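The structure appears below as structure tokens.
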Amino acid sequence: MSPEAVALVGGLLFLLIAIIGGGFSAREVMIPGVPRWGRIASLAVGLALVVPYFSQALRSDKTRPPETGSPASVKLSAASPSDPTSPAASPSPPRDGVIHDARNRRDHSPDGLELSGLIARSAKSRPAVGDSIEVEFTLRNVGSKAVNLDDTFVGVRTPDNENGDFGNSNEGAVLKPQQALTINGSRVFDAAGVWKIFPCYALAAGGEPKYCPDEWRAFQVLVGD
């Protein structure tokens, strides 16, 4: 039996003597009757032995950490580093070389075409003469009728305000409702100054093609020497 248990048993015995006053036997142990002063002494000794034990038990209970449940009940999020099956977080795409980014914007033309996914890239974020630009965008038919395309392209106004369109494609294509086309193309900057660039299309109208709104969603690129 540990010393703490012996002290507890002894303390309880002294408290029993103090309360009853002795005069009883337990198996082979005879507790004679004790006078009043003896009962008071027994009470003091019993308390001295018992109180520290219960105080220690209370302190241990307060300092015990709260239960958090069994490990099987803990759920790991998809991004938790402790989950070996979680895919690594994808790094943000580099910004270097992106000179215009409107991929999250959507615009509608009077012809029922929706523009989205517009982005322009170059080898450098501040291009110079001799560098090229690549432009990509998506056109979707959000109307209720098919659209007959005569052409899709990237519109350009050079620093001298001349046409320098590129990326011509989809001649004669028919775009049904909710169908989409992705257009892309590239060209080299051959002059320094401010270039104006915009996505565009032409519709087959039975005579002269009908073009997109003038300089639709145009953006500017400053090209150095």
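Bear in mind these aren't lab numbers, they're just calculated from the coordinates by the rules spelled out. None of the values given here were measured: they were computed from a predicted structure. Glycine gets a Cβ as well: all are built from the backbone with ideal geometry, and neighbour counts include every protein chain shown.
Scanning region 133-147 for residues that are in a strand (DSSP E or B) and farther than 30 Å from residue 192 by Cβ gives 138, 139, 140, 141, 147. Any residue at all in region 143-154 that is basic (Lys, Arg) and either touching a Leu at 6+ places or on another chain (Cβ under 8 Å) or surrounded by 14 or more Cβ atoms within 10 Å (Cβ to Cβ) (or both)? Checked region 143-154: no residue is basic (Lys, Arg) and either touching a Leu at 6+ places or on another chain (Cβ under 8 Å) or surrounded by 14 or more Cβ atoms within 10 Å (Cβ to Cβ) (or both). Taking the criterion of being within 12 Å of residue 127 (Cβ to Cβ) and crowded, with 17+ Cβ neighbours inside 10 Å, the residues of region 188-225 that qualify are 189, 195, 197, 221, 223.
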